[in-house]
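What follows is a set of notes on a single structure, which appears directly below.
Derivation of every value follows stated rules applied to the coordinates shown; laboratory data play no part. Predicted model, so just to flag it, every value in this text is computed and none were measured. Because the Cβ atoms are built from the backbone with ideal geometry, glycine has one as well, and the counts that use them run over all protein chains shown.
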Amino acid sequence: MVTGARPGGWQNKRVELELDTVAGDGRFSGYASIFGAVDLGRDVIEPGAFAACLGKRRPGEIRMLFQHDPDQPIGRWTKIREDGRGLFVEGKLTLATARGREVHELMKSGAVDGLSIGFRTVRAARKGGDGIRRILAADLWEISVVTFPMQPGARVTSVKHLTGQAGERSGLVAAIRRATRQIGGRH
């Protein structure tokens, strides 16, 4: 787990993730950062910390990596935005790659369910003697899918492929029922 500064001022901080969905085609969404939550490195990301960065960079310019390894890009972010809760992300794993397929299966099974952000601190403050650093502005460079997020409670909350299959099944059931009614009406 990397939590300190890296050469050139880079920092990796793992923060809370709740993946809302993982689709069969590799799409997923969740929160890469939850505002106001203290991570294991005693950092708190404040609301608005990513606003300037997101105003300059499109989602696809912020890399999606596996375990912060620049040699393992696994997909592209399609949406990154701040909301009242935190940094909401949507992305799509590249299933044409072996690593993309592997991460997809690991996410669907719940074996890998964390996100971690790689950023450069632009502005931070410490208030009081609690030792907590508040990140007020951050230059976001990458968001990684990771095994161990900095916040222990950061886990996948639901996997869309299961819900999606049920939805597809119910759609199939409805189509079969319609066809059965149509056939029944011909007799």
**Item:** Separation of the Arg76 and Leu106 label points, Cα + 7 Å toward Cβ, nm
**Value:** 2.3
**Asked** What order do you get for His104, His68 when you list them from fewest to most C-beta neighbours inside 10 Å?
**Response** His68, His104
**Rounded to whole Hz, the Karplus (6.51, -1.76, 1.60) HN-Hα couplings of region 94-107, x for glycine and proline** = 8, 6, 6, 9, 4, 5, x, 5, 4, 4, 4, 5, 5, 5
